[in-house]
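Here the structure comes first, spelled out in structure tokens, and everything after it is commentary.
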Amino acid sequence: MKVYIVGAGADGEKGLTVQGRSAIGEAGLLIGSKRLVERFEDMGKEIYVTYKPEDIAKRLKNSSADCAAVLMSGDCGFYSGAKALLPMLTGHEVKVIGGVSSMVYMCSELGLDYENMKAISLHGRKGYAAINVKLHEKCFFLLGGEIGADELCRHLCSHGLGNVTVYIGADLGYEEQRIISGRADELRECRVSKLCSVITVNPGYLRHIPACIDDGQFIRDKVPMTKAEVRCAAVAMLNIGRDSVCWDIGSGTGAVSVEMAYRCPQGEVYAFDKAPEAAALTEKNAGRFACDNIICKQGECPEMLRNVPAPQKVFIGGTSGNMEAIFAAVHHKNPRADVAVTAVSLETLEEARQCFGYYGVNCSVTQIAVTRTKTVGEHTMFDAQNPVFIIRGRLR
């Protein structure tokens with residue numbers, strides 16, 4: 001069977017390309033959600049209503065039609081069901097015909113360029129909004145499911161981004177289309193359909209990946225903290241990817257978690273600390289730096305490590321005497337994880353080296369001695385910090 005997968009545009013009809021209309025005209029069988037296929041009921045074609053890839057593939061297999069068109073909302077290459085459907089269509093002659101995505105449509109309506117826009121789907125999936133708004137001038141969000149535009153605005157406000165400009169596009173392409181604009185703090189109670197799109201514009205976005213963040217920028221209280229220079233070196237050694245899953249064990253103030261989070265805006269950081277005040281402080285600093293991809297966990301490790309996703313990158317800043325068990329838990333989750341441990345005593349250094357050695361890893365050891373300056377009267381004096389060891393290796 002010849003199968004066309006057709007991007008039906010923002011509204012399911014007006015956004016169709018000429019090629020898409022031709023494919024629909026050629027097809028004897030039309031498949032898609034009710035919203036998309038009902039517009040073509042008067043064409044006398046066989047119509048099957050579903051949006052589930054498994055049901056579509058089964059119907060195509062059992063159909064006697066020579067040609068079918070599967071209608072997808074928007075663009076087939078933009079958070080589309082086509083991605084899951086295509087591997088199921090072996091044996092058919094398949095052609096994908098793109099449509100106008102909701103991002104392209106909405107930007108056209110607003111007169112906005114989108115070459116540097118970050119596209120994120122929050123439709124039934126996790127996508128960390130605040131960290132991406134913090135790191136990009138323009139973001140486009142596909143909404144739907146549990147989160148609506150009002151909730152997104154409230155989320156941005158709770159992470160210090162209430163002054164960001166927000167455009168909410170509801171019922172795009174239809175007669176009742178509305179595009180509402182304002183600051184996030186002005187649109188916290190804006191009620192529109194949850195199946196809508198949002199564009200954020202943040203002129204104050206970060207133009208760099210923060211590293212070696214000054215200690216004074218964090219909420220401190222009396223919780224231990226990995227100092228800026230050590231934190232910067234340890235996080236850099238892990239080579240964190242944009243979609244990495246990271247663990248910060250013994251998070252303290254959450255300073256390491258924050259620097260990890262900026263490096264993985266498409267991933268997430270799980271921050272663990274046994275002390276309730278430390279876990280609460282990590283959460284406060286995550287909000288302060290708009291790092292909503294930090295998930296704080298309070299409790300003892302390794303017990304807390306059992307029911308979280310496997311990490312690619314692990315920082316161990318405190319073990320409470322459980323280093324061997326923590327290494328075992330990390331190895332169980334991911335035998336190829338990159339691990340960095342900080343130690344201020346020779347005993348902790350040797351324990352870390354033994355743990356790496358147990359898994360046959362030739363770890364590297366770096367000793368950092370930081371001396372800062374401070375003003376005493378009219379003089380600038382040196383202020384030596386305690387030396388710290390960073391032990392780093394990849395498990396195997």
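The values are calculated or read from the model by the stated rules, or taken from the named source; none is laboratory data. In this text, all values refer to a predicted model and were calculated from it rather than measured experimentally. No Cβ is skipped: glycine too gets one built from the backbone with ideal geometry, and neighbour counts run over all protein chains shown.
Among the candidates Leu112, Leu122, Leu85, the residue that is of a type in the set (A, V, I, L, M, F, W, C), modelled with pLDDT of 95 or more and either buried (at least 18 other Cβ atoms within 10 Å of the Cβ) or not assigned by TED's automatic domain parsing to the domain that holds Ser193 (or both) is uniquely Leu85. When each of Asp338, Asp292 is tested for being in contact (Cβ under 8 Å) with a residue 60 or more places away in the chain and either touching a strand residue (DSSP E or B) at 6+ places or on another chain (Cβ under 9 Å) or of a type in the set (Gly, Ala, Ser) (or both), the lone residue that passes is Asp338.
In the set Ile240, Ile219, Ile209, which member is more than 24 Å from Val330 (Cα to Cα), β-branched (Val, Ile, Thr), assigned by TED's automatic domain parsing to the domain that holds Cys291 and assigned to a loop (DSSP other than H, G, I, E, B)? Being more than 24 Å from Val330 (Cα to Cα), β-branched (Val, Ile, Thr), assigned by TED's automatic domain parsing to the domain that holds Cys291 and assigned to a loop (DSSP other than H, G, I, E, B) holds for just one of Ile240, Ile219, Ile209, which is Ile219. Each residue in the range 1-43 was checked for being hydroxyl-bearing (Ser, Thr, Tyr) and within 24 Å of Gly169 (Cβ to Cβ), and 2 pass. Residue check: Asp248 meets all listed conditions (1) in a loop (DSSP other than H, G, I, E, B); (2) surrounded by 15 or more Cβ atoms within 10 Å (Cβ to Cβ) but one, namely (1). The number of residues in the range 201-245 that are out of contact with any Ser or Thr (no Cβ under 9 Å at 6 or more places or on another chain), surrounded by fewer than 14 Cβ atoms within 10 Å (Cβ to Cβ) and either closer than 20 Å to Ala279 by Cα or among the polar types (S, T, N, Q) (or both) comes to 3.
Per-residue answers, yes or no, for (1) more than 17 Å from Phe140 (Cα to Cα); (2) part of a helix (DSSP H, G or I); (3) free of Cβ contacts under 8 Å to residues at least 60 places away in the same chain:
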| site | (1), (2), (3) |
| --- | --- |
| Gly160 | yes, no, no |
| Ile168 | no, no, yes |
| Glu176 | yes, no, yes |
| Ile179 | no, no, no |
| Arg188 | yes, no, yes |
| Ser197 | no, no, no |
| Pro203 | no, no, no |
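Keeping to the range 359-378, report how many residues are surrounded by 13 or more Cβ atoms within 10 Å (Cβ to Cβ) and either within 24 Å of Asn322 (Cβ to Cβ) or not assigned by TED's automatic domain parsing to the domain that holds Phe327 (or both). Qualifying residue count for the region: 5.
Checking Gly267, Gly287 one by one, the residue that is farther than 27 Å from Ile391 by Cα, within 21 Å of the chain's Cα centre (by Cα) and not hydrophobic (A, V, I, L, M, F, W, C) is Gly287 and no other. Could you tell me whether Val6 is within 29 Å of the chain's Cα centre (by Cα), aliphatic (A, V, I, L, M), assigned to a strand (DSSP E or B) and surrounded by 15 or more Cβ atoms within 10 Å (Cβ to Cβ)? Considered against the rule, which asks whether it is within 29 Å of the chain's Cα centre (by Cα), aliphatic (A, V, I, L, M), assigned to a strand (DSSP E or B) and surrounded by 15 or more Cβ atoms within 10 Å (Cβ to Cβ), Val6 comes out as yes. So if I check each of Val314, Val308, Val258, which one is in a loop (DSSP other than H, G, I, E, B) and β-branched (Val, Ile, Thr)? Going through Val314, Val308, Val258 in turn, the sole match is Val308. The condition (being within 25 Å of Gly144 (Cβ to Cβ) and not acidic (Asp, Glu)) is satisfied by just one residue among Lys2, Lys14, Lys61: Lys14. The selection criterion, being closer than 29 Å to Ile120 by Cα and touching a Pro at 6+ places or on another chain (Cβ under 6 Å), holds for Leu85.
For the range 281-315, filtered to residues that are surrounded by fewer than 24 Cβ atoms within 10 Å (Cβ to Cβ) and among the β-branched types (Val, Ile, Thr), the residue that is farthest from Pro210 (Cα to Cα) is Val308.
For the range 129-144, the set of residues classified as surrounded by 23 or more Cβ atoms within 10 Å (Cβ to Cβ) and either among the basic types (Lys, Arg) or in a loop (DSSP other than H, G, I, E, B) (or both) consists of Lys134, Leu143, listed by residue number.
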